[in-house]
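Colleague: Just passing along the structure, written as C-alpha cells.
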Amino acid sequence: MNDPHILSAFDRDLEGIQALIMKMGGLVEVAISDATKALETRDVELAEQVRKNDAAIDALEEQVNIEAARVIAIRAPAASDLRTILTVMKLAGNLERVGDYAKNLGKRTSALVQMPVIEGAPGALRRMGRQVENMLHDALDAFVQGDVELAIDVRDRDEEVDQMYNALFREFLTFMMEDPRNISACMHLHFIAKNIERMGDHATSIAEQVIYNVTGEIPDEERPKGDDTSYTFETME
C-alpha cells in the first residue's frame, strides 16, 4: 500500500463510494421531506411517489456494498482505510432503513386521507421530520468533513426528536380519550411519529459511526434521551 499509484487508485475508489453515499443521502432527505409534506397536505400522489422512489435508495445501498466489497478484495486496505470502508457500508444500511421508514409514512398517508383530520398533528409531524432531515444532512456533512464536533452535535439533538415524539404521543392519547372516532387516525399518526423518531435514531447512528471513523472509538456514554412516558405504549411496527 506504499506505492503511490496504488494509493491514488484506492483514493479514487473510496471517493466513488463516498459519492454514492452522498447521492443516497440526498434521496433519503428528499424522501423524508416529501413524505411529511404529503402527510400535511394529504397528497396521495406524492405519498405514492415516495413509496416508488424507495427502490432507487435500495439499489444504491446494494451498489455501495458491492463497490466496498470489491475495494476490500482488490486493494487490501490498511486498518484506518478499512475502517472508513466499513463505516460507509454501515452508513448505507442506516440510510436504507430511513428510506424504508419514509416509505411507511407514504403508506399510512394513503390510509389517513379517508379519516378525520387530527388538528395540529400533520404540521407537528412535518416539523419533527424537518428536525430529523436536518440531523441526517449534518451527519453526512460530518462524515465528508471528518467533523467530530458536528457529529456529536447531531447525536445530542436526538433528544429533541424524542421529546417531540413524547409530546405527540400524549396528544394522541388525549384525542382518543375525548372521541373514540379518532382512534384509528391517531393510531396511524402514532406509528408515523414512531417511524420519524426511529429515523432520528438512524441519523444518530450515522453520527456515531462518523465519530468512530475519525477517532477509532464508538462513544461509550448513553445517548441523551427524552422522557420515557410513551414507552408504556410501545407496539410492534
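The values are calculated or read from the model by the stated rules, or taken from the named source; none is laboratory data. Please read these numbers as outputs of a predicted model, since none were measured by experiment. Positions of Cβ are generated from backbone atoms using ideal geometry, with glycine treated the same way; all protein chains shown enter the neighbour counts. The protein model used for the area step is the full one, side chains on, heavy atoms only, and it has no ligands, DNA or RNA in it. Shrake-Rupley method; radii C 1.70, N 1.55, O 1.52, S 1.80 Å.
Colleague: Please tell me if Met164 is open to solvent by 30 Å² or more (accessible area, probe 1.4 Å), in a helix (DSSP H, G or I) and farther than 26 Å from Gly93 by Cα.
Modeller: Spelling it out, it is not the case that Met164 is open to solvent by 30 Å² or more (accessible area, probe 1.4 Å), in a helix (DSSP H, G or I) and farther than 26 Å from Gly93 by Cα.
Colleague: Could you give me the residue pairs with C-beta distances under 9 Å whose first residue belongs to segment 21-44 and is closer than 23 Å to Cys186 by Cα, whose second residue is modelled with pLDDT under 95 and open to solvent by 70 Å² or more (accessible area, probe 1.4 Å) wherever it lies, and which are 6+ apart or on separate chains?
Modeller: Pairs that qualify, where the first residue is closer than 23 Å to Cys186 by Cα and the partner is modelled with pLDDT under 95 and open to solvent by 70 Å² or more (accessible area, probe 1.4 Å), are Arg42/Val117.
Colleague: Quick one: in segment 1-31, of everything that is open to solvent by less than 70 Å² (accessible area, probe 1.4 Å) and of a type in the set (S, T, N, Q), which residue is modelled with the highest pLDDT?
Modeller: Step by step, filter segment 1-31, then rank; the result is Gln18.
Colleague: Pull up segment 138-161, narrow it to residues that are in contact with a Leu (Cβ under 7 Å, 6 or more places away or on another chain) and not aromatic (Phe, Trp, Tyr), then point me to the one that is least open to solvent (accessible area, probe 1.4 Å).
Modeller: Among those that are in contact with a Leu (Cβ under 7 Å, 6 or more places away or on another chain) and not aromatic (Phe, Trp, Tyr), it is Ala142.
Colleague: Separate question: What's the total number of residues in segment 125-137 that are touching a residue at least 60 places away in the same chain (Cβ under 8 Å) and either over 19 Å from Phe191 (Cβ atoms) or open to solvent by 40 Å² or more (accessible area, probe 1.4 Å) (or both)?
Modeller: Residues flagged as touching a residue at least 60 places away in the same chain (Cβ under 8 Å) and either over 19 Å from Phe191 (Cβ atoms) or open to solvent by 40 Å² or more (accessible area, probe 1.4 Å) (or both) within segment 125-137 amount to 6.
Colleague: Check whether at least one residue in segment 73-95 is closer than 25 Å to Leu189 by Cα and either among the hydrophobic types (A, V, I, L, M, F, W, C) or part of a helix (DSSP H, G or I) (or both), and report yes or no.
Modeller: Checking segment 73-95: at least one residue is closer than 25 Å to Leu189 by Cα and either among the hydrophobic types (A, V, I, L, M, F, W, C) or part of a helix (DSSP H, G or I) (or both).
Colleague: Oh, and also: For Gly93, all conditions in the list (1) at pLDDT 95 or above; (2) open to solvent by 50 Å² or more (accessible area, probe 1.4 Å); (3) not hydrophobic (A, V, I, L, M, F, W, C) hold save one; what is the number of the exception?
Modeller: (2)
Colleague: Count, please, the residues in segment 46-58 that happen to be open to solvent by 40 Å² or more (accessible area, probe 1.4 Å) and under 22 Å from Glu119 (Cα atoms).
Modeller: Of the residues in segment 46-58, 0 are open to solvent by 40 Å² or more (accessible area, probe 1.4 Å) and under 22 Å from Glu119 (Cα atoms).
Colleague: Looking at (1) buried (at least 18 other Cβ atoms within 10 Å of the Cβ); (2) closer than 21 Å to Val28 by Cα; (3) of a type in the set (S, T, N, Q), which one does Asn182 not meet, given that it meets all the others?
Modeller: Condition (2) is where Asn182 drops out.
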